[in-house]
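Below: the structure, in structure tokens.
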Amino acid sequence: KAGVTQTPRYLIKTRGQQVTLSCSPISGHRSVSWYQQTPGQGLQFLFEYFSETQRNKGNFPGRFSGRQFSNSRSEMNVSTLELGDSALYLCASSPGTGNLPQHFGDGTRLSIL
Amino acid sequence: KNEVEQSPQNLTAQEGEFITINCSYSVGISALHWLQQHPGGGIVSLFMLSSGKKKHGRLIATINIQEKHSSLHITASHPRDSAVYICAVAEYGNKLVFGAGTILRVKS
């Protein structure tokens, strides 16, 4: 069974640009969560999608948005990029939204110049 | 005060030693997760607990809901156990709040 796939693995952008990251969950998993990891703040929850609906949201500005498609694949978009958005962005999938183990992708490393 | 506190922040052990990493949290939770992160970023879920104790190979995780405390134990540690171990709590659903992590180095 294929794991969680995130694309691209690495990305370099400049301030003011926007970026879209993609996450394909494990087959059959309907919940996708997104996390940001930085050296200063550690791991922080961005949002969770289940059945194409945002179920939970973390404390991030509106520049961070996401969506989920009918096949459970999810995208995350960051607009008007700032230097502080440089981070490892991880997604994780699970079968549902209850207390279930999450399966993480390898992440997308985003660098803002 | 952070909602999730881990100790120690750094830990160096000799191969074969018994290791304990602690996690305390201040909020009501529905579940607690222990995660392992190797250099390069990939995260592996080790355990999800809502009560009691779980064991997988040389790893044991325990949780005391009343005391809001969990421990991760590694028996007979090995250099391949070197990684960052992260405690995360779920207040509800899959919304996780993470500890800062414990950097473990096991020397041969």
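Please treat every number below as a calculation from the coordinates, not as lab data. Everything numeric here is computed off the predicted structure, so don't read it as measured data. Ideal geometry is used to build each Cβ from the backbone, glycine not excepted, and the neighbour counts take in all protein chains shown.
What the table shows:
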| read-out | value |
| --- | --- |
| Relative contact order of chain B, defined on C-alpha pairs under 8 angstrom at six or more residues apart (%) | 38 |
| Summed residue charge, Cβ within 14 Å of B:Gly41's Cβ, Lys/Arg positive, Asp/Glu negative | +1 |
| Inter-centroid distance (Cα atoms) of the range B:22-42 relative to the range B:43-108, Å | 6 |
| Formal net charge of residues neighbouring B:Ala61 (Cβ-Cβ distance under 13 Å; K, R +1; D, E -1) | +4 |
| In order through the range B:89-106: 3J(HN,Hα) via Karplus (6.51 cos²θ - 1.76 cosθ + 1.60), integer Hz, x for Gly, Pro | 10, 10, 5, 6, x, 9, 7, 9, 10, 9, x, 6, x, 10, 8, 10, 10, 10 |
| Radius 14 Å from Cβ of A:Ser33, net charge of other residues (Lys, Arg +1; Asp, Glu -1) | +3 |
| Förster-model FRET efficiency, 41 Å R0, B:Lys55 and A:Glu52, C-beta, rounded to 0.05 | 0.60 |
